[in-house]
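Peer 1: This is the structure, below, for whatever I ask next.
The values are calculated or read from the model by the stated rules, or taken from the named source; none is laboratory data. Being a predicted model, the structure only gives us computed values, none of them experimental. Here the Cβ positions follow ideal geometry from the backbone for every residue, glycine too, while neighbour counts run over all protein chains shown. Each accessible area value is taken on the protein alone, full model and side chains, heavy atoms only, with ligands, DNA and RNA left out. Shrake-Rupley method; radii C 1.70, N 1.55, O 1.52, S 1.80 Å.
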Amino acid sequence: MEHEIDEMSIAKPWPKPNEMSDLIEMCSGLFIAATTAMKFISAGSGVGAQVKLRLILENQYVKSNNMNAYGSLDHMYMKILLLASQSLHWKEDIFKSIVAIIILGFNSLTIQGIMQILRLNHSENDICEILYNLKAVLLVPPFNSNLPIHAFHLSFHDFLTNSERCSDTRFYIDTKQHHTLIATFILKVNVCNIEDMSTANKDISIPDTMTDGVGYAATYWIFHLQEGLINENLSQLVTTFILKYLLQWLEVISLYSQLQRALECIRLLKNLPIIKDHALQIYESALLFTPQETLLYKTYQDQLKSVKVVQGYNKYWDPCVQVLEGHSCWVRSVAISQDGATIVSDSADMTVRVWNSHSGKLLNELKGHSDKVRSVAISQDGATIVSGSDDRTVRVWNSYSGKLLNELKGHSHWVRSVAISQDGATIVSGSHDNTV
């Protein structure tokens, strides 16, 4: 802290010895508190460094046995917010919404992206004025840099979302309420105004006005919905979205090369390769071959413009989602990751295969066992795979790289079953030698 103060161009002696000792004591040994204090004192709203030092030392928290361990940091955050809000005047109505999308977002957003998601009619200068007043707690890039904004430390999020720690209702952020607000963002149909439905994604120029906000909304709205409050109004919005905008959502998310993420949330449409490369073919291709007795087809069939299937169509979805082929002998055991994204299979062909469960793509083939593989398991985070074989060994693999991490020896007969603990720290094996 003394080093940071020495870097400031302020005539000495400053700060006074008692001010410096009070400041250090107020930080309570927390590095984030010291860092925040220095950022607040040296930059921000234009109020002089000397004034801001007196401000954060004013009415400072006194340590006591029953005080929150983060009391001094909370005091500092509140002082920063109060000073920032004093210069806002008419902008107070959007202050909380802007801060909420920054600390609750699943990915960092640019200023333009924030404006799009919140549908703000204010100028970028107005939004920058709000954000620059919070440079002690937010990483705010230069104006027009098109770089994302994010909080310096998770403790700022924890402070704002805890009503006991942040008692001022002007700043307290109700997470469920604001996740609900973000989730209500509605996408427009055919945002690029493309008339030729055969246009490939690589030939589509995405307007600058949608490069961040629309892409974020299309990718993460479901996750905000999961965290929000499902009230009657939101339920109606979701129903309207599904009935009117489901295909348009897939169109937009295809343009952002995020279709695989959409499939994690809704696995309805097939014929994926052409959707990935030709977003507007969702209407002319995938919908065309959608079973005609499904609600999806009945809802959107009017959007089929040029081609009709008159014979040989399916009425309902096939219950078989994927057939994964590649093993050259019996498949003895399979496992699936907790998030459902990864499938692991073993075989008498002495290999273990790792698959993407949504696309059916082979991600890795693990070779090394010298006899039939009889059992596989995958860790909760999907990073580690365990296999047991008739070669009397247990092998531990990195599921992403396919690298062998460990070969466990000790059994005197076939290994028939393996399992891995929830935290990935412990492996259990069962063998034909009557031991575990």
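Peer 1: Take Thr211 and decide whether it is modelled with pLDDT under 70, closer than 16 Å to Leu118 by Cβ, open to solvent by less than 80 Å² (accessible area, probe 1.4 Å) and under 20 Å from the mean Cα position of the chain (by Cα).
Peer 2: Values: modelled with pLDDT under 70: yes; closer than 16 Å to Leu118 by Cβ: no; open to solvent by less than 80 Å² (accessible area, probe 1.4 Å): yes; under 20 Å from the mean Cα position of the chain (by Cα): yes.
The answer is no for Thr211.
Residues are listed down the side, and each one gets a yes or a no for (1) touching a helix residue (DSSP H, G or I) at 6+ places or on another chain (Cβ under 6 Å); (2) open to solvent by 10 Å² or more (accessible area, probe 1.4 Å); (3) at pLDDT 70 or above; (4) farther than 25 Å from Leu147 by Cα:
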site: Met20; (1), (2), (3), (4): no, yes, yes, yes
site: Phe31; (1), (2), (3), (4): no, yes, yes, yes
site: Val47; (1), (2), (3), (4): no, yes, no, yes
site: Ile56; (1), (2), (3), (4): yes, no, yes, yes
site: Lys79; (1), (2), (3), (4): yes, yes, yes, yes
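Peer 1: Sticking with this structure for a sec: Kindly indicate whether any position in the range 127-143 is among the polar types (S, T, N, Q) and either modelled with pLDDT under 80 or assigned to a loop (DSSP other than H, G, I, E, B) (or both). Working first, answer last.
Peer 2: Of the range 127-143, the ones among the polar types (S, T, N, Q) are 133.
If we keep only those that are either modelled with pLDDT under 80 or assigned to a loop (DSSP other than H, G, I, E, B) (or both) as well, we get 133.
Checked against the condition, which is being among the polar types (S, T, N, Q) and either modelled with pLDDT under 80 or assigned to a loop (DSSP other than H, G, I, E, B) (or both), the range 127-143 yields at least one hit.
Peer 1: Counting just the residues of the range 292-329 that are of a type in the set (Lys, Arg) and assigned to a loop (DSSP other than H, G, I, E, B), which one comes out modelled with the highest pLDDT? Walk me through how you get there before you give the answer.
Peer 2: Initial filter on the range 292-329 (of a type in the set (Lys, Arg)): 298, 305, 308, 315.
Narrowing further to those that are assigned to a loop (DSSP other than H, G, I, E, B): 305, 308, 315.
Details: Lys305: 64, Lys308: 70, Lys315: 79.
By that ranking, first place goes to Lys315.
Peer 1: Hey, could you check the range 337-353 for residues that are free of Cβ contacts under 8 Å to residues at least 40 places away in the same chain and of a type in the set (D, E, K, R) and say which is farthest from Thr393 (Cα to Cα)?
Peer 2: Per the criteria, the residue is Arg353.
Peer 1: Identify, please: which residue in the range 354-375 is among the small types (Gly, Ala, Ser) and free of Cβ contacts under 8 Å to residues at least 60 places away in the same chain and is, among those, surrounded by the fewest Cβ atoms within 10 Å (Cβ to Cβ)?
Peer 2: The first filter runs over the range 354-375 and keeps only residues among the small types (Gly, Ala, Ser), leaving 357, 359-360, 368, 370, 375.
Narrowing further to those that are free of Cβ contacts under 8 Å to residues at least 60 places away in the same chain: 357, 360, 368, 370, 375.
On the way: Ser357: 19, Gly360: 14, Gly368: 17, Ser370: 10, Ser375: 22.
The extreme case among them is Ser370.
Peer 1: What number of residues within the range 318-355 are out of contact with any strand residue (DSSP E or B) (no Cβ under 9 Å at 6 or more places or on another chain) and not β-branched (Val, Ile, Thr)?
Peer 2: Narrowing the range 318-355 to residues out of contact with any strand residue (DSSP E or B) (no Cβ under 9 Å at 6 or more places or on another chain): 318-321, 323, 325, 339-340.
Going one step further and asking which of them are not β-branched (Val, Ile, Thr), we end up with 318-320, 325, 339-340.
Count: 6.
Peer 1: Could you list, in sequence order, all residues of the range 135-147 that are under 22 Å from Thr161 (Cα atoms) and free of Cβ contacts under 8 Å to residues at least 60 places away in the same chain?
Peer 2: We begin by selecting, within the range 135-147, every residue under 22 Å from Thr161 (Cα atoms); these are 135-140.
Answer for the range 135-147, where residues must be under 22 Å from Thr161 (Cα atoms) and free of Cβ contacts under 8 Å to residues at least 60 places away in the same chain: Leu138, Leu139, Val140.
Peer 1: Which of (1) within 10 Å of Thr342 (Cα to Cα); (2) assigned to a loop (DSSP other than H, G, I, E, B) does Val354 not meet, given it meets every other one?
Peer 2: All conditions are met except number (2).
Peer 1: If you go through the range 104-158 one residue at a time, how many are open to solvent by 80 Å² or more (accessible area, probe 1.4 Å) and touching a Pro at 6+ places or on another chain (Cβ under 6 Å)?
Peer 2: 1
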